[in-house]
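Comments concern the structure below.
The values are calculated or read from the model by the stated rules, or taken from the named source; none is laboratory data. Computed from a predicted model, the values in this text were never measured in an experiment. Heads up, the Cβs are rebuilt from the backbone with ideal geometry, glycines too, and the neighbour counts pull from every protein chain shown. In case anyone asks, the SASA skips ligands and DNA or RNA and just uses the protein heavy atoms, side chains included. Shrake-Rupley method; radii C 1.70, N 1.55, O 1.52, S 1.80 Å.
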Number of protein chains: 2
Amino acid sequence: MPDIGALLSPTTVAVVGAASDPHILRGRIMQVMGGHPFKGRVYPVSRSSDEIMGLKAYKTVSDLPEIVDMAVLIIPAKFVPDTLEECGAMGIRAAQIITSGFAEEVDGEGGDMQQRIRDIAEKYDMAVCGPNSEGFANMGLDFCPTFSPAVDDPDTSLMPQWCNDNHIGVVAQSGGMGFAFYDRGRPKQLPFSYVITTGNEACLEGFQLVDYMLDDGNTEVIVMFIEDIKSPEIYATVAEKSLRAGKPIIVTKIGHSQAGQRAAASHTAALAGSYSAYNAMFERYGVIEGRDIEEIVDIASGFSFWGDRLPKGKRVGIITGSGGAGGWMADTAVEAGLSVPPLDAKTRAQIEALLPSYGTAQNPIDGTAGAIREVGYPNLIRMTAASDEVDAIIAIASARNASRYEPDLEPMTAVAREAEKPIFFNSYTMPKPEGFAVFGRAGFPVFTNMRNTAHVISCLADYRAFREKFLKIPSIDTVSKKPADLSEAFSQAGDTLTEYESKHILAAYGVSTPQEILANNADAAADAMAGMGGPVALKVQSPDIIHKTEAGAVALGLESGEAVRAGFDRIIDNARAYNANAAIKGVLVQPMAPPGREIILGINRDEAFGPMLMIGLGGVYVEVMRDVVFAPAPVGREEAKMMLDRLQGVALLHGVRGEPPADIDALIDLMVTVSCIADDWRDDIAEIDLNPVLVHPKGEGLTIVDALVVKTKQV
Amino acid sequence: MPDIGALLSPTTVAVVGAASDPHILRGRIMQVMGGHPFKGRVYPVSRSSDEIMGLKAYKTVSDLPEIVDMAVLIIPAKFVPDTLEECGAMGIRAAQIITSGFAEEVDGEGGDMQQRIRDIAEKYDMAVCGPNSEGFANMGLDFCPTFSPAVDDPDTSLMPQWCNDNHIGVVAQSGGMGFAFYDRGRPKQLPFSYVITTGNEACLEGFQLVDYMLDDGNTEVIVMFIEDIKSPEIYATVAEKSLRAGKPIIVTKIGHSQAGQRAAASHTAALAGSYSAYNAMFERYGVIEGRDIEEIVDIASGFSFWGDRLPKGKRVGIITGSGGAGGWMADTAVEAGLSVPPLDAKTRAQIEALLPSYGTAQNPIDGTAGAIREVGYPNLIRMTAASDEVDAIIAIASARNASRYEPDLEPMTAVAREAEKPIFFNSYTMPKPEGFAVFGRAGFPVFTNMRNTAHVISCLADYRAFREKFLKIPSIDTVSKKPADLSEAFSQAGDTLTEYESKHILAAYGVSTPQEILANNADAAADAMAGMGGPVALKVQSPDIIHKTEAGAVALGLESGEAVRAGFDRIIDNARAYNANAAIKGVLVQPMAPPGREIILGINRDEAFGPMLMIGLGGVYVEVMRDVVFAPAPVGREEAKMMLDRLQGVALLHGVRGEPPADIDALIDLMVTVSCIADDWRDDIAEIDLNPVLVHPKGEGLTIVDALVVKTKQV
């Protein structure tokens, strides 16, 4: 295992390529490092200078007076592999490669050179971060081998003087974005442990660094900027570990859009992959997705201050001195999925006794500016938080002139310390850094964006609820039930299995499929209908005709032998007209399905993360709205239930407008089974489509109306 | 007409209730006013002091040495009416009432006193703002009769030294919120003309102040915080005037949620009313709704800088020095409804010739930090903006140290001046006020929030498109066609008209309704069926049974005389069982409707704004998703079309998955007609429900399956 500690917390460092001119990056990095009181020894390595910023410089790494813990490489790309080799051979255990011009180059030898870096790192078991990176900062050690302007002010300590102990660690593929989180958070007096920018991730990947942070005891909240995940297994292991530890990961993953994917590919040679698969992987482990820098910093702040007392629900009490801000916050809270219930009568009477006649404690609790001053936030917060009707408190303030709040510092600190429910300040005026410090010292985060305030509370409550559920779920029971005799049938089928063949697989896994008969001529079809004793559907079976309805290869609701015979001939003719070369394997005769809620269910194989179970409500409108969710296969019953809850239209399954609730248990069974099939055959099955599935009323099961399995293309 | 100019731009001012102690509001207001170089004469009026902050004080208004233009009243509520009367009698033309304790009081005499204020203002034709207000600021005159801490810093000029000429005027019912917009915008060097906080609006209403701003030539963009609109006519007139003038109004209206409505009621005694009606009124006149302080300030900034060159579409070119930020911005843009198309080959080649090998001009145009420095934003912006593929430019920068950009100031200014497409800077680090000034001087807004950046561009493009459409629409043609003979039938019907009676009204307005016969016995129903020659539906007609299906009072698809007779008896029995006292007016016999897209269409009468046309896609799923939109009746064909475009599921009407497009023309006709009916009978009809309406394929019309009209309750 490479020694990440040697990389991040060295006592001796070489800066290879160091320069004296602070206007070039090689000089800036020395200047930035020199601006903070790092206690280790720093050795510049330069071919052209003997002294750099007051430090003796060495011609090569081999000339150094000791074997350093780590080397920073900021030299032209073509020299990087040999220099790294030199470092490794000497016994240097870690390197931070700043240089660009590797796999992100459109053409040229960048890709090959990156592979060489990777080989060297493996050979010497070195912890190598980069290349094409902006370096990192270890706030605790005041060590920042980076040229980022976010840490170039020697008058601003990397760690604020007043902050809480729950540090935020940042890992970002983009240097600009990694340090941007710090740039936003530092004026809010938030404590960061590390900002690490990983660039192309030729060797160390983001989640390996997160793994290190989870263990080193210095980081409670993790923020990430992700362009791609190179090793899904590392991701899954680390994400689960962080969830079990209660150390939340807040990410943004670029590449939702085609333009974003183009950008990631050209930026750090990332293959952004399908965003829906990433989203599913995040959902699986409670990883929180943020939408912009400020929002992510605010979510991290919420966890940093209240991670040990996350809200048990989404009911908030709002305390305000500005009636306008209170109303706006209430609307914003409700739109973010919180509720703002009236307080219980007792709490309300207690508070209103202290307010002027035009104040109100109904919730929002509008103390009016004057009353807030007289009664004080600490009293109002304490009384409101005591109500059983709320899970969290939002206190609205104008924190522009924070000196106004200093007299309250002591009782506010007591409130924060004793609180059983989290309390968040929202300021509608912009505080200065000193203002954030006043509140931070007392133990409160301050947000300046109403939507973020509400969203943070929602995220914290969701995280708590998800984690509690997750910890109770036994690890997914996925004992393979791959029926032995199925393998032969599967291998004999073509690239695309017909409905009949596909259902054969489902049936082998115990999924009950409608009574159905494969007929090879019109008379056999008519006999089948007679046996079924009711209206039937006929469907041409051909691996070459996937869209049967479009081809006119389906006939519905046939009730007489005559109708069945005519239908048989018609759909065979249609199928031949649609595709003259189609191999026709017969016509499937099925009883017409009873009515039910239309569902689409399927498997798509993601290149990085393997098979993904997809479920959505069916029908034309739903297709327009794209109400579908994904999860990595296999899924257990609990995960399947959670997937259904993520559907916008989930209420339909529970029965609306007098309709009976659908057989959700049967649907969950099917989801679990299909996901197990996909898992059993993960290298063989590229796609499963059950569309539509009709879910009948509770207790009456479901009908798989059509089914399709597509094999993985053999390379 | 009250003289709003005397209120906002006086040369002589009395401050009634002024005090010397800056720790109380009566002293703060003097201190704040004294901190800015207002050139008019200020007279303190105080019962207890002879001199206040160096100014001679007078015992009463009558003692003043001259008749002032306006008086600021900050005295106990009980003294306000008499003092206002004194002012009016003397000939003072305007007053700003700061004092609280009027209609917003839960009990007591506040409401009566507020009515007295209103009466006095009318009697003397005075321009009275407030009460329960935080005062206002006129930035151009350095006049700020307010105690708001947002303007209490004498070292910060109200108007930035460097700013553009398109000033932002703020009108807010909440003092805290009104000045909060300024508090956010001032550090961004945005120019404000006024911040006016109106509190309870006993006399002057927000839109009257907006009307003044539209005329006085000093304001190009308006920002409002609204708790309620007291006079819908004033709103409609002023909102249309602002749209025609191209001076956008950006609002937030609180009361979306019940909690928000409670807050508004207690705060300024506002009756928040139905939010959907407000939303419809905003949509009608292109009024833009903002969701938080920062977003509103950013939208206002966008208009302030680029109001004369709004984007013609939603295609953006993104220029970045940080690949990570570029990708993230691209994703964010696409999620906000913008597109980020690849540039044309020619532009791309031109740009790539200037970039290093690891840069790209595909869009996002990732110059890399180094290339941005060498090539410069001005060149990259100019080349990108020349492409026919984009309508606007987002330039991503790290503007933390704005001095880096000063050398580019001259070419950047030239680019902004000559640009035909708007250009927006996004900084991923936080600029200082000087940084905003550098970009502002050059002519560019700087945003620090990616979602806001994208959303602002979308708002600007939408506003342009909407305004162009609006200016072309002839004023709605709503010549009443109220048929004379209908009045009698209408007055004879009960409070709730049956389907048969309701359709009679529709038919009188030329809406073709299905062939249908009202049968009073089973035989008549069977005869009717025979005449129709196909399957029919039977529906019990009773004003006392509104939910016919729920009552079992409907039978569908009856094809034989026998089935009709049996059905008739069954649904009559069901109806009687459902409501033994229901007056039954017969059974309606209708042919079964051919299939079509299910729509719900109706009228709801809003207490403030009158009849609202509602349209939505029908069906169970849509009910769950609440995909409905509203517009004030009457609507013309253009407005009806725009309403349909606002439906999330509008694609369904255009035909998806091989289904034919629906008869949108017929639907639009129906929308216009129903809205005209509602307008003709605006005092008489409380509700119209056409649910469902089946819209058949293009050219085949529609079927109104059920109809219901409810009369307004006579008081």
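List of remarks:
- Residue check for residue A:421: open to solvent by 20 Å² or more (accessible area, probe 1.4 Å), in contact with a strand residue (DSSP E or B) (Cβ under 8 Å, 6 or more places away or on another chain) and in contact (Cβ under 8 Å) with a residue 12 or more places away in the chain: yes
- Taken over the range B:148-180, the criterion of being in contact with a Leu (Cβ under 9 Å, 6 or more places away or on another chain), closer than 26 Å to residue B:230 by Cα and among the aliphatic types (A, V, I, L, M) is satisfied by B:168, B:171.
- Whenever a residue of the range A:249-266 is in the same structural domain as residue A:237 (by TED's automatic domain parsing), its partners that are part of a strand (DSSP E or B) and of a type in the set (Asp, Glu), lying with C-beta atoms within less than 8 angstrom and at least six residues away or across chains, give the pairs A:250/A:289; A:251/A:289; A:252/A:289; A:253/A:289; A:263/B:366; A:266/B:366.
- Single unsatisfied condition, residue A:376 versus (1) touching an Asp or Glu at 6+ places or on another chain (Cβ under 8 Å); (2) open to solvent by 30 Å² or more (accessible area, probe 1.4 Å): (2)
- Selected residue (criterion: nearest to residue A:614 (Cα to Cα)) from residues of the range A:246-290 that are among the aliphatic types (A, V, I, L, M) and open to solvent by 40 Å² or more (accessible area, probe 1.4 Å): A:271
- Among the candidates A:105, A:134, residue that is within 29 Å of the chain's Cα centre (by Cα), among the charged types (D, E, K, R) and closer than 18 Å to residue A:31 by Cβ: A:134
- Lone qualifier among A:525, A:530, A:555, A:519 - being among the hydrophobic types (A, V, I, L, M, F, W, C), in contact with a helix residue (DSSP H, G or I) (Cβ under 7 Å, 6 or more places away or on another chain), open to solvent by 20 Å² or more (accessible area, probe 1.4 Å) and closer than 12 Å to residue A:589 by Cα: A:530
- Out of A:571, A:615, sole residue that is more than 22 Å from the chain's Cα centre (by Cα) and more than 13 Å from every other protein chain (Cβ to nearest Cβ): A:571
- Filter pass, residue A:571 being at negative phi, crowded, with 19+ Cβ neighbours inside 10 Å and either part of a helix (DSSP H, G or I) or of a type in the set (Lys, Arg) (or both): yes
- Hits in the range B:298-327 - residues which are open to solvent by 10 Å² or more (accessible area, probe 1.4 Å), farther than 21 Å from residue B:162 by Cα and at pLDDT 95 or above: B:310, B:312, B:313, B:314, B:315
- Residues (surrounded by fewer than 21 Cβ atoms within 10 Å (Cβ to Cβ) and either in contact with a strand residue (DSSP E or B) (Cβ under 7 Å, 6 or more places away or on another chain) or within 10 Å of chain B (Cβ to nearest Cβ) (or both)) located in the range A:328-343: A:334, A:335, A:339, A:341, A:342
- Filtering B:525, B:484, B:493 for residues that are away from chain A (no Cβ under 14 Å), without any contact (Cβ under 8 Å) to a residue 12 or more places away in the chain and of a type outside the set (Ser, Thr, Tyr) leaves a single hit, B:484.
- Residue in the range A:630-645 that is free of Cβ contacts under 8 Å to residues at least 60 places away in the same chain, touching a Ser or Thr at 6+ places or on another chain (Cβ under 7 Å) and open to solvent by 20 Å² or more (accessible area, probe 1.4 Å) present: no
- Some residue of the range A:212-222 being buried (at least 24 other Cβ atoms within 10 Å of the Cβ) and either within 14 Å of chain B (Cβ to nearest Cβ) or free of Cβ contacts under 8 Å to residues at least 12 places away in the same chain (or both): no
- Of all residues making up the range A:344-364, the number that are surrounded by 24 or more Cβ atoms within 10 Å (Cβ to Cβ), under 15 Å from residue B:259 (Cα atoms) and either at pLDDT 90 or above or among the β-branched types (Val, Ile, Thr) (or both): 3
- Filtering the range B:646-664 for residues that are more than 14 Å from chain A (Cβ to nearest Cβ) and assigned to a loop (DSSP other than H, G, I, E, B) leaves a non-empty set.
- Taking the criterion of being part of a helix (DSSP H, G or I) and at the interface with chain A (Cβ under 7 Å from one of its Cβ atoms), the residues of the range B:237-263 that qualify are B:259, B:260, B:262, B:263.
- Selection count where residues are aromatic (Phe, Trp, Tyr) and in contact (Cβ under 8 Å) with a residue 24 or more places away in the chain, scope the range A:345-400: 1
- Qualifying residue in the range B:131-147 (condition: surrounded by fewer than 24 Cβ atoms within 10 Å (Cβ to Cβ), assigned to a helix (DSSP H, G or I) and touching a residue at least 24 places away in the same chain (Cβ under 8 Å)): yes
- Boolean, residue A:266 is in a helix (DSSP H, G or I) and within 13 Å of chain B (Cβ to nearest Cβ): yes
- Remark: pairs (first residue in the range A:444-465, closer than 16 Å to residue A:247 by Cα; second residue hydroxyl-bearing (Ser, Thr, Tyr) and modelled with pLDDT of 95 or more; Cβ separation under 9 Å; 6+ apart in sequence or on different chains) = A:456/A:301.
- Residue check, residue A:503 over 22 Å from residue A:300 (Cβ atoms), surrounded by fewer than 18 Cβ atoms within 10 Å (Cβ to Cβ) and among the basic types (Lys, Arg): no
Per-residue answers, yes or no, for (1) in a helix (DSSP H, G or I); (2) open to solvent by less than 70 Å² (accessible area, probe 1.4 Å); (3) within 14 Å of another protein chain (Cβ to nearest Cβ); (4) touching a Lys or Arg at 6+ places or on another chain (Cβ under 9 Å):
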residue	(1), (2), (3), (4)
A:95	no, yes, no, no
A:100	no, yes, yes, no
A:104	no, yes, yes, no
A:113	yes, yes, yes, yes
A:116	yes, no, no, no
A:123	yes, no, no, no
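- The conditions of being open to solvent by 70 Å² or more (accessible area, probe 1.4 Å) and either outside any loop (DSSP other than H, G, I, E, B) or within 14 Å of chain A (Cβ to nearest Cβ) (or both) are not met by residue B:544.
- Matching option when the condition is open to solvent by less than 20 Å² (accessible area, probe 1.4 Å), in a loop (DSSP other than H, G, I, E, B), among the small types (Gly, Ala, Ser) and within 14 Å of chain B (Cβ to nearest Cβ), among A:199, A:176: A:199
- In the set (1) open to solvent by less than 40 Å² (accessible area, probe 1.4 Å); (2) touching a Gly at 6+ places or on another chain (Cβ under 7 Å); (3) free of Cβ contacts under 8 Å to residues at least 40 places away in the same chain, residue A:438 fails one condition alone, (2).
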